[in-house]
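Enquirer: To start, I am sharing the structure in question, which I have written as structure tokens.
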Amino acid sequence: MSAALTRELVVAQTRALKLPGIARTFDSLARQARDAHWPHEDYLHEVLSAEQASRHESVIRQRLQEARFPEVKTLDTFDFAAAEGVSATQVHTLARGEWVTAPENLIFAGPIGTGKTHLAIALGVEATKQKRRVLFTRAADLVRQLLEARDTRELTRLQQRLLRVDVLIVDELGFVPFDRIGGELLFNLLTDRYERRATVVTTNLAFAEWVTVFAGDEKLTTALLDRLAHHATVLTTKGKSYRMRKRRTREEPS
């Protein structure tokens, strides 16, 4: 059998067996094996390793797409030198993902524009690299979805779907207040996730101010904070908005 025909057969077999990693690499690895006189077992190991890596990357791409990040932010692009109140060592430790396994919560609290969302997304990206299911949503959007699901009698299905998410990132809690029903729905969701799944919350409010978001319901707010903060790492960002600082820098005369 000619080498060209053999190659075509292997390509057809990899497609039939859904082995894209082997399909992309078997030919170049075969040339390396011939040139370096690899044993057959070494060649087999290399092509299987290529397939394994391909599948891992495919899962990560899928997890990243499912996360619905508004944009992908990474720890490499976060300016720890300019961030006040944020420990680079602590954040990189969190990137290892033990808090997701535990599971525990993360709360990023601080003024607008101080890097809370960037850090939350970056740690979510790290979680996708560990094949975790991650979902990013703004708090107002999440409450709206819960209300709509309740009105269409799809609430249980939505709650179950959200409970399957390993890391739920709830961004901008405090920007938009909820009515009592919306607050209760969010409370129930986060209570269901308590000690079962990891949750990340970003907020521009101090804990004492959260009651203003939940229609003035002190009991509900206290109960929610009790669950969120029980197994939680709280990171407080400080300083002025990055965006405002950059804008002023651009406007300053040279």
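The values are calculated or read from the model by the stated rules, or taken from the named source; none is laboratory data. What you see is a predicted model, and the numbers here were worked out from it, not measured in a lab. Note: ideal-geometry Cβ built from the backbone for every residue, glycine included; neighbour counts use all protein chains shown. All accessible areas refer to the heavy atoms of the entire protein, side chains included, with ligands and DNA or RNA removed. Shrake-Rupley method; radii C 1.70, N 1.55, O 1.52, S 1.80 Å.
Enquirer: From the list Ala23, Ala53, Ala4, exactly one residue is in a helix (DSSP H, G or I), small (Gly, Ala, Ser) and more than 30 Å from Ala127 (Cα to Cα). Which is it? Steps first, please.
Expert: Numbers: Ala23 fails: more than 30 Å from Ala127 (Cα to Cα); Ala53 fails: more than 30 Å from Ala127 (Cα to Cα).
From the options Ala23, Ala53, Ala4, the qualifying one is Ala4.
Enquirer: Just to be sure, is Asp79 surrounded by fewer than 13 Cβ atoms within 10 Å (Cβ to Cβ), among the acidic types (Asp, Glu) and touching a helix residue (DSSP H, G or I) at 6+ places or on another chain (Cβ under 8 Å)? Steps first, please.
Expert: Working: surrounded by fewer than 13 Cβ atoms within 10 Å (Cβ to Cβ): yes; among the acidic types (Asp, Glu): yes; touching a helix residue (DSSP H, G or I) at 6+ places or on another chain (Cβ under 8 Å): yes.
Judged against the criteria, Asp79 is a match.
Enquirer: For region 186-240, how many residues meet the condition of being assigned to a loop (DSSP other than H, G, I, E, B), closer than 20 Å to Pro111 by Cα and under 19 Å from the mean Cα position of the chain (by Cα)? Spell out how you get there, then give the answer.
Expert: Of the residues in region 186-240, the ones assigned to a loop (DSSP other than H, G, I, E, B) are 194-197, 204-206, 213, 215-217, 231, 237, 239-240.
After this cut, where a residue has to be closer than 20 Å to Pro111 by Cα as well, the list is 204-206, 213, 237, 239-240.
Pick out the ones that are also under 19 Å from the mean Cα position of the chain (by Cα) and you get none.
Within region 186-240, residues that are assigned to a loop (DSSP other than H, G, I, E, B), closer than 20 Å to Pro111 by Cα and under 19 Å from the mean Cα position of the chain (by Cα) number 0.
Enquirer: Given the criteria open to solvent by 70 Å² or more (accessible area, probe 1.4 Å), touching a residue at least 12 places away in the same chain (Cβ under 8 Å) and more than 19 Å from the chain's Cα centre (by Cα), does Gln13 qualify?
Expert: Answer is no for this residue.
Enquirer: Inspect all residues belonging to region 114-124 and state whether any of them is open to solvent by less than 60 Å² (accessible area, probe 1.4 Å), among the charged types (D, E, K, R) and either in contact with a strand residue (DSSP E or B) (Cβ under 9 Å, 6 or more places away or on another chain) or modelled with pLDDT of 95 or more (or both).
Expert: So in region 114-124, the residues open to solvent by less than 60 Å² (accessible area, probe 1.4 Å) come out as 114-124.
Okay, now just the ones that are also among the charged types (D, E, K, R), so 116.
With either in contact with a strand residue (DSSP E or B) (Cβ under 9 Å, 6 or more places away or on another chain) or modelled with pLDDT of 95 or more (or both) added as a condition, the list becomes 116.
So far as region 114-124 goes, yes, one or more of its residues are open to solvent by less than 60 Å² (accessible area, probe 1.4 Å), among the charged types (D, E, K, R) and either in contact with a strand residue (DSSP E or B) (Cβ under 9 Å, 6 or more places away or on another chain) or modelled with pLDDT of 95 or more (or both).
Enquirer: Quick check on region 151-172. Is at least one of its residues buried (at least 21 other Cβ atoms within 10 Å of the Cβ), over 13 Å from the mean Cα position of the chain (by Cα) and closer than 30 Å to Ala81 by Cα?
Expert: Checked against the condition, which is being buried (at least 21 other Cβ atoms within 10 Å of the Cβ), over 13 Å from the mean Cα position of the chain (by Cα) and closer than 30 Å to Ala81 by Cα, region 151-172 yields no hits at all.
Enquirer: Here's something else I'd like to know. Among the residues of region 4-20, write down those that are more than 19 Å from Gln52 (Cα to Cα) and touching a helix residue (DSSP H, G or I) at 6+ places or on another chain (Cβ under 8 Å).
Expert: The one that is more than 19 Å from Gln52 (Cα to Cα) and touching a helix residue (DSSP H, G or I) at 6+ places or on another chain (Cβ under 8 Å): Arg7.
Enquirer: Ser254 - would you say it is of a type in the set (S, T, N, Q), open to solvent by less than 30 Å² (accessible area, probe 1.4 Å) and at pLDDT below 90?
Expert: Working: of a type in the set (S, T, N, Q): yes; open to solvent by less than 30 Å² (accessible area, probe 1.4 Å): no; at pLDDT below 90: yes.
For Ser254, the condition - of a type in the set (S, T, N, Q), open to solvent by less than 30 Å² (accessible area, probe 1.4 Å) and at pLDDT below 90 - is not met.
Enquirer: Can you tell me how many residues in region 64-95 are acidic (Asp, Glu) and within 14 Å of the chain's Cα centre (by Cα)?
Expert: Taking region 64-95 and keeping what is acidic (Asp, Glu), we get 66, 71, 76, 79, 84.
Pick out the ones that are also within 14 Å of the chain's Cα centre (by Cα) and you get 66, 71.
Residues flagged as acidic (Asp, Glu) and within 14 Å of the chain's Cα centre (by Cα) within region 64-95 amount to 2.
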